[in-house]
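Please read the structure below before turning to the comments.
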Amino acid sequence: MINDAKRVVKKGENMDIGALLLEAASLMLTGMVGVFAFLSILIFAVSKLSLIAGGDEPAKPQRQPTKRPASTGVSNAHIAAISAAIAQYRSK
Amino acid sequence: MDGLLNLWQATGLANFTVPALVMMAVGCGLLYLAIAKGFEPLLLVPIGFGAILTNIPVAGLAEPGGLLYYVYYIGIDSGVFPLLIFMGVGAMTDFSALIANPRMLLLGAAAQFGIFATLFGAIALNFVPGFEFTLQDASAIAIIGGADGPTAIFLASKLAPELLGAIAVAAYSYMALVPIIQPPIMRALTSEEDRKIEMPQLRHVTKREKIIFPLAVLGLAIMFLPSASPLVGMFCLGNLMRECGVVDRLSNTAQNELINIVTIFLGLAVGSKLSATEFLTVETLGILVLGALAFSIGTASGVFMAKIMNKFSKHPINPLVGAAGVSAVPMAARVVNKVGLENNPHNFLLMHAMGPNVAGVLGSAVAAGILLALVG
């Protein structure tokens with residue numbers, strides 16, 4: 001009798017957990033869909049952002065025309081290597 | 001004689017209990033990890049010390065009337081401290097790598113699978129006798145996978161305050177362990193050729209784009225996910241102060257003095273939740289295991305997403321950068337850079353990994369907002 005009662009309780013608990021698991025699974029699905037949807041919209045917004053606000057900034061290049069040759073003299077690859085090296089040094 | 005007896009009754013020695021001593025040892029352990037091993041010292045020092053203070057017998061620092069009780073009540077129960085920290089993090093974050101390559105947001109989204117898979121795992125743990133996690137508890141535990149301290153504390157304070165101590169300790173410990181947890185997973189899921197992939201130089205991002213970006217993010221949060229707007233809003237405020245260039249004083253305060261002050265009290269308040277009755281439970285063990293699981297799954301799903309994107313993208317994408325999708329800024333990006341250099345000494349992935357890394361911060365804030373909206 002007691003064993004039976006225990007089994008019933010245990011079964012009831014398991015069913016509870018089963019329902020919770022189902023809820024957790026649906027939360028997992030809605031959650032991931034939600035995160036992807038939100039960030040996809042953000043991707044769209046950011047790619048439009050470059051159309052609106054990208055391109056040349058009007059005031060800056062005129063202010064320091066003398067500096068431009070110096071900055072174009074360094075290749076992008078060099079800048080990348082130097083900045084990565086600095087970052088790596090700082091991370092130590 | 002009575003006086004002497006009363007004095008003895010008022011000493012710590014007469015009132016020590018074993019669980020309190022164990023918790024003091026845990027506090028000392030956290031201090032050791034912070035001071036000797038350099039694990040997240042800014043947080044683990046106040047948390048560890050707070051744990052010691054909390055468990056002092058008789059003094060009752062974490063009970064109503066005690067200092068730590070009020071620090072917790074004012075700062076964490078209200079949700080204020082994590083949000084102030086988030087403002088400071090926003091003021092420290094440079095989004096240009098993400099604006100230059102917005103598709104990296106997908107990696108930040110994929111890595112949040114660690115959160116939702118762990119939610120499932122936490123509920124499944126209920127089959128083990130001794131565990132009784134509700135959906136709220138499970139959500140608060142799962143957010144450890146977001147690898148974002150303030151977000152985890154914010155969500156835990158709203159959904160499962162009694163588990164907050166264990167969740168915060170797990171989140172910060174695993175964030176410190178990112179360089180140990182992530183590389184084996186990254187190596188196991190990628191081939192050597194994958195890891196050697198070099199990515200094209202990122203384009204220049206204008207100041208105007210950087211100013212509009214936080215406003216755009218906030219606009220989307222307002223429209224689609226208002227429950228995430230406390231986190232996203234404070235983050236965007238900090239970022240706007242940084243990028244707009246006219247309030248450098250405020251930006252500097254947010255990312256230095258203010259965040260430091262709040263960090264001290266946040267740590268103490270988390271420490272106040274490390275009392276023996278709340279921490280020395282089988283649930284804490286479960287939380288530690290689930291936290292590690294959440295980090296690993298997040299890392300793996302980020303790498304998988306990056307592999308898929310590499311297949312369909314015009315420009316090559318190194319799958320390693322996917323691992324940076326679990327926020328933990330900037331530690332995860334540095335780990336990516338390090339693993340990348342092991343296979344190709346000319347391959348500097350740091351800037352490329354910063355994109356998914358900051359996307360991970362946004363992703364975990366969004367995931368927190370979704371959890372708040374659905375189970376809060």
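The values are calculated or read from the model by the stated rules, or taken from the named source; none is laboratory data. Remember, predicted model here, so these are calculated numbers, not experimental data. Here the Cβ is made from the backbone with ideal geometry for all residues, glycine too, and neighbour counts use every protein chain on show.
Descriptive notes on the structure:
- Test: residue in the stretch B:72-95 that is within 21 Å of residue B:24 (Cα to Cα) and buried (at least 24 other Cβ atoms within 10 Å of the Cβ): yes
- Here is the figure for the stretch B:137-157: residues that are charged (D, E, K, R) and either part of a loop (DSSP other than H, G, I, E, B) or within 17 Å of residue B:235 (Cβ to Cβ) (or both) total 1.
- Within the stretch B:21-65, tally of residues that are surrounded by fewer than 20 Cβ atoms within 10 Å (Cβ to Cβ) and small (Gly, Ala, Ser): 7
- Total residues in the stretch B:15-44, condition among the hydrophobic types (A, V, I, L, M, F, W, C) and touching a residue at least 40 places away in the same chain (Cβ under 8 Å): 11
- Residue in the stretch B:126-134 that is crowded, with 20+ Cβ neighbours inside 10 Å, part of a helix (DSSP H, G or I) and either more than 20 Å from the chain's Cα centre (by Cα) or more than 10 Å from every other protein chain (Cβ to nearest Cβ) (or both) present: yes
- Looking across B:99, B:141, one residue alone is crowded, with 20+ Cβ neighbours inside 10 Å, within 22 Å of the chain's Cα centre (by Cα) and of a type in the set (Val, Ile, Thr). It is B:141.
- Annotation: residue B:166 fulfils all but one of (1) more than 14 Å from chain A (Cβ to nearest Cβ); (2) farther than 30 Å from residue A:91 by Cβ; the unmet one is (2).
- Checking each residue in the stretch A:19-29 for being under 17 Å from residue B:146 (Cα atoms) and more than 7 Å from chain B (Cβ to nearest Cβ) picks out only A:29.
- Any hit, the stretch B:86-96, residues being on the phi > 0 side of the Ramachandran plot and part of a loop (DSSP other than H, G, I, E, B): no
- Residue match in the stretch B:218-237 (condition: away from chain A (no Cβ under 14 Å), in contact (Cβ under 8 Å) with a residue 40 or more places away in the chain, surrounded by fewer than 20 Cβ atoms within 10 Å (Cβ to Cβ) and in a helix (DSSP H, G or I)): yes
- Matching residues in the stretch B:169-185 - criterion: being closer than 19 Å to residue B:360 by Cβ, assigned to a helix (DSSP H, G or I), of a type in the set (A, V, I, L, M, F, W, C) and modelled with pLDDT under 95: B:170, B:171, B:175, B:176, B:178, B:180, B:181
- Selected residue [within 7 Å of another protein chain (Cβ to nearest Cβ) and either at pLDDT below 80 or assigned to a helix (DSSP H, G or I) (or both)] from A:43, A:82: A:43
- 3 or more residues out of contact with any Cys (no Cβ under 8 Å at 6 or more places or on another chain) and over 26 Å from residue B:266 (Cβ atoms): qualifying helices (runs of 4 or more DSSP H) within the stretch B:1-58: B:2-9, B:12-15
- Among (1) without any contact (Cβ under 8 Å) to a residue 40 or more places away in the chain; (2) surrounded by 14 or more Cβ atoms within 10 Å (Cβ to Cβ), the one test that residue B:193 misses: (2)
- Only one entry of B:295, B:348 meets the criterion of being buried (at least 18 other Cβ atoms within 10 Å of the Cβ), over 21 Å from the mean Cα position of the chain (by Cα) and at pLDDT below 95, and that entry is B:348.
- Note on the stretch B:144-162: among residues that are touching an Asp or Glu at 6+ places or on another chain (Cβ under 7 Å) and among the small types (Gly, Ala, Ser), the one that is surrounded by the fewest Cβ atoms within 10 Å (Cβ to Cβ) is B:160.
- Filter result for residue A:69 (more than 7 Å from chain B (Cβ to nearest Cβ) and either within 21 Å of residue B:209 (Cβ to Cβ) or modelled with pLDDT of 60 or more (or both)): no
- Any chance residue B:68 is surrounded by 20 or more Cβ atoms within 10 Å (Cβ to Cβ) and under 30 Å from residue B:302 (Cα atoms): no
- The residues listed here are B:254, B:323; of these, the one that is in contact with a helix residue (DSSP H, G or I) (Cβ under 6 Å, 6 or more places away or on another chain), more than 25 Å from residue B:118 (Cβ to Cβ) and surrounded by 22 or more Cβ atoms within 10 Å (Cβ to Cβ) is B:254.
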